[in-house]
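What follows is one structure encoded as structure tokens, with my remarks underneath.
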Amino acid sequence: MYRYIVHRLLLAVPTLAGAAALVFVLMRLIPGDICVVRLASGGGTFDPHSVTLCHAELGLDRPMIVQFLNFVFGFFRLDFGMSMWTGKPVAYEIAARLPISIEVALLATVVAIAFAIPLGTISALKQNSWIDVVVRTVAIAGIATPSFWLGIVVLLVILDVTNFIYGAPWMPPIDYVPLWQDPIRNLSMVFWPAVTVGYRYSAVTMRMTRSAMLEVLREDYIRTARAKGLLDRIVINRHALKNALLPVVTLIGIEFAFLIGGLVVTEQVFNLNGIGRLFVLSVQNQDYTLTQALVMVVVTVFVLTNLLVDVLYAWLDPRIRFG
Amino acid sequence: MHAAAPFYSVLIRANPDNPSSTTDFVCDLCTTMPKPTDDGKTYTFKIREGVKWHDGSPLTAYDVAASWQEIVDPREGISSARESYFVMVDKLEAPDATTVVFHLKYATGAFLPALADPFAWIYKKEILDKDPRWYEKNIMGSGPFKFDGYEAGQSIKGVRNPDYYHKGQPYLDGFVGIFAAKESVRVDAIRADRAAMEFRSMPPSSVDQLEKELGDKIAVQRSDWNCGNLVTPNHKKKPFDDARVRRALALAIDAWHDAPSLSKIAVVHTVGGIVFPGSPLAATKPELEKIAGFWPDIDKSRAEAKRLLKEAGAEAITFVLLNRNVDQPYKYVAIWLIDEWSKVGLKVTQRVLPTGPFYEALRNNDFDVTLDFNCQGVVNPLLDVGKFLPHTVYTENYGNFEDQKEIDMYQAMLHETDPKKVRSLMREFETYVLDTETHTIMTPWWYRVVPYRSYVKGWKISPSHYINQDLANVWLDK
């Protein structure tokens, strides 16, 4: 097992290097110049000398290959450099946002698992019953509804309902406080986006659980287990569900990794100072160092999540052995 | 800028009790507004004594002079975004700890308003001497509030400065500034009292909604804004090299009729020329009505537009309007313009780009016509209209033209000190820019609509979201 994990971690190196090359090239293909945006977008005046000074300050006057190697070697030393826009260390900018994104992703995953696996299982067990129809309808609605739109609706409903009941509208806090400082304030901010995102997340997972369970329930070993006279509870929990969870775990892993950097609009709707919002801002500002680092962080999260999922496979299905 | 203004002092400023005035400037760190000497070429400021930095050390004229030196003529390796506003300054000095003297190359009415620039914060000389870039990443001023913390991308905090030199101020014990990029969040935050105020501006529809829902719990202040969108034709692209075609574009627009409707959906309001509408140098309505694009009879104006297009062989031309990916008011104004131009037979499409690629297209001359903008702080018409000068003089003009006559007209105006003559020269310059050559076409000036919880008192709106933002005079009735 340990050899397998080390092997997978070593394989991540070329993956990360490839991602680094891709994001480095793509960022430079976007037309524009961060120095011009920085100097002119507020309506100020600037001269070519100011742009030259700015290029020198940001290291953009160095050859491309030097810039690339600085970025790659910096990444493997965990030195992301300075944000070209704020002048602060990239690590500081990301560290300020990452806990929020992780908290929302974790909470959304809890919401997804709490609803998706029981409901998906019941839906499969009661195939074509009214329960199945209701669960499928809820799931399809969840997949079809954009999370950000749902977020806007949730916010408006909260405002209107509280206004109706208390005579004054209430909305979740718009400035983040860490969980350990003020748990109630923290959760009253993070809960709503987690539910909003968790709904779509659980809908997808629910569909996957249902179809995987339906497939497993038709397997010979399930028939054998039933023929041996095992209790339904044991057949479902120990034999069917555990095997059906393999694709579900994969899906949960992918979705979790996506949530770390992909909640672009939902974060804006709830004013969450997360990685998704920082991503958009860094691309808009053409902040190369910050965008590159963010991409690498997200790629790393994907790589580690996939590794964790593979390790979970072995626990769920003892037939799987790592060479 | 808004967020850090409460931590700093300036030399002079727009009067915080009368910030809507375009000519009322008062001392902040100085003791009295000086009368210029040496035929208007020397300004001597006496600096307040007893002013303390937030670290407790005394602020002197040497700090003021060092800060201004970096703005007016920065040292090697440092760039100043406002250096071009101070071309009239020959040198400045601090002969003693309470005196700062500015020596000008020539007398001009542009100097004093430029000095009231809300960006021109006073930094500590000792820090600047050690590291002129220290202030890019740190805060240490002498303003009404002391810096109390910053969460990257989220909030900034300040606490009352008990040693503030304007006695009794500030009234607040502290403040939290929350960064919220999305407009709907800002509206909801005021609605739910998560935030007391949003200082920039909100679209009229959002403000109407707040007023309807909150009644007397909400107050609103409105003002013309020293910002506007300008249509700039690329003079190097045919047929826009022909002044008749550019003039036709202006003549097709009916701003007088449409501005009231447009103002209901976009943050624009007042029809005006190149000078901020509240300024004594701005054109009156009768003066404007003589200029292309402002004629009172729109049928006559559009008939002339069609005639000019026909004469130039540019009837029913098709072109692309380059626009910036910003909702308010860029996209609204652009759609309105496209509709107006269709009324004289022009087929125009819009190309919307994010800020970076937008500037890249401008710098590479990769556009037919663009919707540019001019946004200034203190109303200082003599400098604000620099935007209309050729690129070789004003780098942020993208019209791609050279015009020595225009430059000469501008210089004559800049060097004139008699207000009546300046006004007359401004009219000539305006007519030349907007009508004779039509280097630029004006659209209605932006409009600030600032809603806030009615328990917030003391704050007064100004023509710029940069002015009067130190929060020293704000108090809460609760």
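The values are calculated or read from the model by the stated rules, or taken from the named source; none is laboratory data. Quantities reported herein were computed from a predicted structural model and do not represent experimental measurements. When we count neighbours, we look across all protein chains shown, and the Cβ atoms used for this are built from the backbone with ideal geometry, even at glycine.
What number of residues within region A:282-315 are under 30 Å from A:Val36 (Cα atoms) and without any contact (Cβ under 8 Å) to a residue 12 or more places away in the chain? Break it down stepwise before answering.
In the first step, residues of region A:282-315 are kept if they are under 30 Å from A:Val36 (Cα atoms); the result is A:282-299.
Still in the running and without any contact (Cβ under 8 Å) to a residue 12 or more places away in the chain: A:284.
Residues that pass the stated criteria total 1.
Which one is modelled with the lowest pLDDT, of the residues in region A:206-255 that are under 30 Å from A:Val301 (Cα atoms) and of a type in the set (Lys, Arg)?
Ranking the candidates gives A:Lys242 first.
Scan region B:357-396 for residues that are small (Gly, Ala, Ser) and assigned to a loop (DSSP other than H, G, I, E, B) and report the count.
So in region B:357-396, the residues small (Gly, Ala, Ser) come out as B:361, B:377, B:386.
After this cut, where a residue has to be assigned to a loop (DSSP other than H, G, I, E, B) as well, the list is B:377.
Of the residues in that region, 1 qualify.
For region B:183-223: of the residues being of a type in the set (Asp, Glu) and over 12 Å from B:Tyr452 (Cβ atoms), which is surrounded by the fewest Cβ atoms within 10 Å (Cβ to Cβ)? Even if it seems obvious, please write down each step before you answer.
Going residue by residue through region B:183-223, those that are of a type in the set (Asp, Glu) are B:183, B:188, B:193, B:198, B:208, B:211, B:213, B:216.
Pick out the ones that are also over 12 Å from B:Tyr452 (Cβ atoms) and you get B:183, B:188, B:208, B:213, B:216.
Details: B:Glu183: 16, B:Asp188: 26, B:Asp208: 15, B:Glu213: 14, B:Asp216: 7.
Ranking the qualifying residues of region B:183-223, first place goes to B:Asp216.
Residue by residue through region B:28-55, note down the ones that are outside any loop (DSSP other than H, G, I, E, B) and crowded, with 18+ Cβ neighbours inside 10 Å. Before you say what the answer is, go through the steps one by one.
Of region B:28-55, the ones outside any loop (DSSP other than H, G, I, E, B) are B:30, B:37, B:42-47, B:52.
The answer is B:Cys30, B:Tyr43, B:Phe45, B:Ile47.
Of the residues A:Gly167, A:Gly198, A:Gly151, which is out of contact with any Ser or Thr (no Cβ under 6 Å at 6 or more places or on another chain) and buried (at least 19 other Cβ atoms within 10 Å of the Cβ)?
Working: A:Gly167 fails: buried (at least 19 other Cβ atoms within 10 Å of the Cβ); A:Gly151 fails: out of contact with any Ser or Thr (no Cβ under 6 Å at 6 or more places or on another chain).
Exactly one of A:Gly167, A:Gly198, A:Gly151 is out of contact with any Ser or Thr (no Cβ under 6 Å at 6 or more places or on another chain) and buried (at least 19 other Cβ atoms within 10 Å of the Cβ), namely A:Gly198.
Give the residue, chosen from A:Leu294, A:Leu263, A:Leu272, that is under 27 Å from A:Val72 (Cα atoms), buried (at least 24 other Cβ atoms within 10 Å of the Cβ), in contact with a Pro (Cβ under 9 Å, 6 or more places away or on another chain) and within 14 Å of chain B (Cβ to nearest Cβ). Let's see the steps before the verdict.
Values: A:Leu294 fails: in contact with a Pro (Cβ under 9 Å, 6 or more places away or on another chain); A:Leu272 fails: under 27 Å from A:Val72 (Cα atoms).
After applying the criteria, what remains is A:Leu263.
Matching residues to (1) buried (at least 23 other Cβ atoms within 10 Å of the Cβ); (2) out of contact with any Ser or Thr (no Cβ under 8 Å at 6 or more places or on another chain):
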{"site": "B:Asp435", "(1), (2)": "no, yes"}
{"site": "B:Pro444", "(1), (2)": "yes, no"}
{"site": "B:Ser454", "(1), (2)": "no, yes"}
{"site": "B:Lys457", "(1), (2)": "no, yes"}
{"site": "B:Ile461", "(1), (2)": "no, no"}
{"site": "B:Gln469", "(1), (2)": "no, yes"}
{"site": "B:Trp475", "(1), (2)": "no, yes"}
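Have a look at A:Val177, A:Val235 and point out the one that is more than 14 Å from chain B (Cβ to nearest Cβ), out of contact with any strand residue (DSSP E or B) (no Cβ under 9 Å at 6 or more places or on another chain) and surrounded by 15 or more Cβ atoms within 10 Å (Cβ to Cβ). Can you show your working first?
Working: A:Val177 fails: more than 14 Å from chain B (Cβ to nearest Cβ).
Exactly one of A:Val177, A:Val235 is more than 14 Å from chain B (Cβ to nearest Cβ), out of contact with any strand residue (DSSP E or B) (no Cβ under 9 Å at 6 or more places or on another chain) and surrounded by 15 or more Cβ atoms within 10 Å (Cβ to Cβ), namely A:Val235.
Just to be sure I understand the filter: pairs with C-beta atoms under 8 Å, separated by 6 or more residues or on different chains, first member in region B:28-56 and at positive phi, second member among the aliphatic types (A, V, I, L, M) and in a loop (DSSP other than H, G, I, E, B). Which pairs pass?
Sorted first by the residue in region B:28-56, then by its partner, the pairs are B:Asp39/B:Ala107; B:Gly40/B:Ala107.
Name the single residue, out of those in region B:198-226 being modelled with pLDDT under 95 and among the hydrophobic types (A, V, I, L, M, F, W, C), that is nearest to B:Ser21 (Cα to Cα).
Checked region B:198-226; the qualifying residue nearest to B:Ser21 (Cα to Cα) is B:Phe199.
Tell me the residue from A:Arg3, A:Arg8, A:Arg38 that is assigned to a helix (DSSP H, G or I), surrounded by 18 or more Cβ atoms within 10 Å (Cβ to Cβ) and modelled with pLDDT under 85, please. Give the derivation first.
Values: A:Arg3 fails: surrounded by 18 or more Cβ atoms within 10 Å (Cβ to Cβ); A:Arg8 fails: surrounded by 18 or more Cβ atoms within 10 Å (Cβ to Cβ).
The conditions single out A:Arg38.
Go through (1) crowded, with 17+ Cβ neighbours inside 10 Å; (2) at pLDDT below 90; (3) not charged (D, E, K, R) and name the single condition A:Trp315 misses.
(1)
So which residues in region B:386-403 are surrounded by 16 or more Cβ atoms within 10 Å (Cβ to Cβ), among the polar types (S, T, N, Q) and farther than 21 Å from B:Gly293 by Cα, if there are any at all? First the steps, then the outcome.
Initially, region B:386-403 is screened for residues surrounded by 16 or more Cβ atoms within 10 Å (Cβ to Cβ), giving B:386-390, B:393-401, B:403.
Still in the list and also among the polar types (S, T, N, Q): B:395, B:397, B:400.
Scanning region B:386-403 gives B:Thr395, B:Asn400.
Among the residues that make up region B:317-327, is at least one of them polar (S, T, N, Q), within 14 Å of chain A (Cβ to nearest Cβ) and not in a helix (DSSP H, G or I)? Spell out how you get there, then give the answer.
Looking only at region B:317-327, we keep the residues that are polar (S, T, N, Q), and these are B:318, B:323, B:325.
Cutting the leftovers down to within 14 Å of chain A (Cβ to nearest Cβ) gives us B:325.
Checking the rest, the ones that are also not in a helix (DSSP H, G or I) come to B:325.
For region B:317-327, residues polar (S, T, N, Q), within 14 Å of chain A (Cβ to nearest Cβ) and not in a helix (DSSP H, G or I): present.
If you check B:Leu362, B:Leu383, which single one turns out to be crowded, with 23+ Cβ neighbours inside 10 Å, touching a residue at least 12 places away in the same chain (Cβ under 8 Å), out of contact with any Pro (no Cβ under 9 Å at 6 or more places or on another chain) and within 11 Å of chain A (Cβ to nearest Cβ)? Talk me through it step by step, then tell me what you get.
Details: B:Leu383 fails: out of contact with any Pro (no Cβ under 9 Å at 6 or more places or on another chain).
Of B:Leu362, B:Leu383, the one residue that is crowded, with 23+ Cβ neighbours inside 10 Å, touching a residue at least 12 places away in the same chain (Cβ under 8 Å), out of contact with any Pro (no Cβ under 9 Å at 6 or more places or on another chain) and within 11 Å of chain A (Cβ to nearest Cβ) is B:Leu362.
Taking the options B:Glu406, B:Glu428, name whichever one is touching a helix residue (DSSP H, G or I) at 6+ places or on another chain (Cβ under 9 Å), in a helix (DSSP H, G or I), surrounded by fewer than 19 Cβ atoms within 10 Å (Cβ to Cβ) and free of Cβ contacts under 8 Å to residues at least 60 places away in the same chain. Steps first, please.
Working: B:Glu406 fails: surrounded by fewer than 19 Cβ atoms within 10 Å (Cβ to Cβ).
When all the criteria are applied, what remains is B:Glu428.
Among the residues of region B:335-352, which ones are touching a residue at least 24 places away in the same chain (Cβ under 8 Å), over 27 Å from the mean Cα position of the chain (by Cα) and assigned to a helix (DSSP H, G or I)? Lay out the reasoning, then the answer.
Initial filter on region B:335-352 (touching a residue at least 24 places away in the same chain (Cβ under 8 Å)): B:336-337, B:340-341, B:343-352.
After this cut, where a residue has to be over 27 Å from the mean Cα position of the chain (by Cα) as well, the list is B:341, B:343-349.
B:Trp341, the sole residue that qualifies.
Pick from region B:161-182 the residues that are surrounded by fewer than 17 Cβ atoms within 10 Å (Cβ to Cβ) and not in a loop (DSSP other than H, G, I, E, B): which of them is nearest to the other protein chains (Cβ to nearest Cβ)?
Across region B:161-182, the extreme among qualifying residues is B:Val176.
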